[in-house]
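Below: the structure, in structure tokens.
Each reported figure results from applying straightforward, stated rules to the coordinates on display, with no laboratory input. Keep in mind it's a predicted model, so treat the numbers as computed, not measured. Reconstructed Cβ throughout: ideal geometry from the backbone, glycine too, with neighbour counts over all protein chains shown.
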Amino acid sequence: MDFMKVPFVDLKAQSSLIGVEVNEAIQKVIESTAFILGPDVKRFEEHFAAFCETDYAIGVDSGTSAIELILRAFEIGPGDEVIAPANTFVATVLPITYVGATPVLVEMDPKTYNIDVNRIEEKITPKTRAIMPVHLYGQPVDMDPIVSIAKKHNLLVIEDACQAHGAYYKGKRAGSMSDAAAFSFYPAKNLGCYGDGGMAITPHAAINEKIRKLRDYGQEKKYHHVELGYNRRLDTIQAAVLDVKLKYLDQWNDGRRAAAGRYLKQLSGSRYILPEVLADVTPVWHLFVIQTDRRDELQKYLGERGISTGIHYPIPIHLQKSYQHLGYAEGDFPLTEKADGRMLSLPMYAELTEEMTDHVVNSLLSFS
Ligand SMILES: *Cc1c(COP(=O)(O)O)cnc(C)c1O
């Protein structure tokens, strides 16, 4: 078959499966009129902390807010440096800027697309406060070396787990291996809500308390404001939706792994560069990214055959207009720059059928 519609993501398949359950959950919130925080947010926080195998989870209004409130809770600010990958979504580094600290970027590992753990230590200065690995595309970063570098230099580790809900590294859940981690529930993430949402998780009781205050006007109890806080709460209706969806997350991640397994098997030995998975890691394939020289032509060709694809990301952080003030230049991260011109994200979601992945693979193999 030459044409078959294969969307890049398909949120409809999922929402029809759980539609009735989600509608009931939303209706319950409406009837309770407990629209701000309340029992639904609390319940989802408890379930999400248990899912991540950590102690505390604090619902916030986005993944970006989760990172920012974590940084504020640790009092990272002006004069401080935070180490982050050059190959990531801009929302990893924006919160570092918001708090007045400086992002210090690191080249990627061309095999995994994640931060190159061997290039972190050379970036540490007396100003460094934290390392922020990103489990990009759903594959956990090699955390053991990062944790030991952090220990040696007395630094915090903050995971950006916004693309890695449910992934495992050596038997540990993404987000559970550091001082704090951020998750996003943007609709297209592995666990997405029906709007914006996010979560901060941490094993530290004091940081849990502080983020709880920061997201809620800095109050310790009603009208007693002990911090200059914000309004960054997770919306209660979104929490109710997420609590329904969380039960299915491992199963949906299995579906993504099955689809990724087919891509890897059927494309092995082809001319495309495929993502490499570290030993001892269970990725959740938020994205399935291949590399090829004629990326733009290929994207057009696939489009003509009904296949939608994405590019994550076309411009690295250090070459973004908004980040010119950091003083980086073209050529500073050659591997990241080269990959950004060659990467293509294939359709990826739990409901991809074999027929669909076959069509994607056949189209990739017939492109000449
Ligand atoms: C989605 C995402 C974020 C930001 O999450 P929002 O909920 O959109 O604010 C941060 N980092 C990474 C790597 C992401 O993919």
Conditions (1) touching a residue at least 40 places away in the same chain (Cβ under 8 Å); (2) over 30 Å from residue 350 (Cα atoms); (3) surrounded by fewer than 20 Cβ atoms within 10 Å (Cβ to Cβ); (4) within 16 Å of the ligand (Cβ to nearest atom) -> residue 82 fails only (3)
Within region 314-367, residues being touching a strand residue (DSSP E or B) at 6+ places or on another chain (Cβ under 6 Å), assigned to a helix (DSSP H, G or I) and within 14 Å of residue 288 (Cβ to Cβ) number 2
Given the conditions (1) of a type outside the set (Ser, Thr, Tyr); (2) part of a helix (DSSP H, G or I); (3) out of contact with any helix residue (DSSP H, G or I) (no Cβ under 9 Å at 6 or more places or on another chain), every one holds for residue 140 apart from (2)
Going through region 216-253 in order, the residues found to be among the charged types (D, E, K, R), under 13 Å from residue 165 (Cα atoms) and surrounded by 15 or more Cβ atoms within 10 Å (Cβ to Cβ) are 245
Note on region 227-286: residues under 22 Å from residue 364 (Cβ atoms), touching a residue at least 40 places away in the same chain (Cβ under 8 Å), away from the ligand (no atom under 16 Å from the Cβ) and assigned to a helix (DSSP H, G or I) are 255, 259, 260, 262, 263, 266, 267
- Got at least one residue in region 7-14 being touching a residue at least 24 places away in the same chain (Cβ under 8 Å), surrounded by fewer than 21 Cβ atoms within 10 Å (Cβ to Cβ), more than 13 Å from the ligand (Cβ to nearest atom) and of a type in the set (Phe, Trp, Tyr)? yes
Reported set for region 20-46 where residues are within 25 Å of the chain's Cα centre (by Cα) and surrounded by fewer than 15 Cβ atoms within 10 Å (Cβ to Cβ) is 42, 43, 46
Is one or more of the residues making up region 87-94 part of a strand (DSSP E or B) and either over 27 Å from residue 234 (Cβ atoms) or not acidic (Asp, Glu) (or both)?
-> no
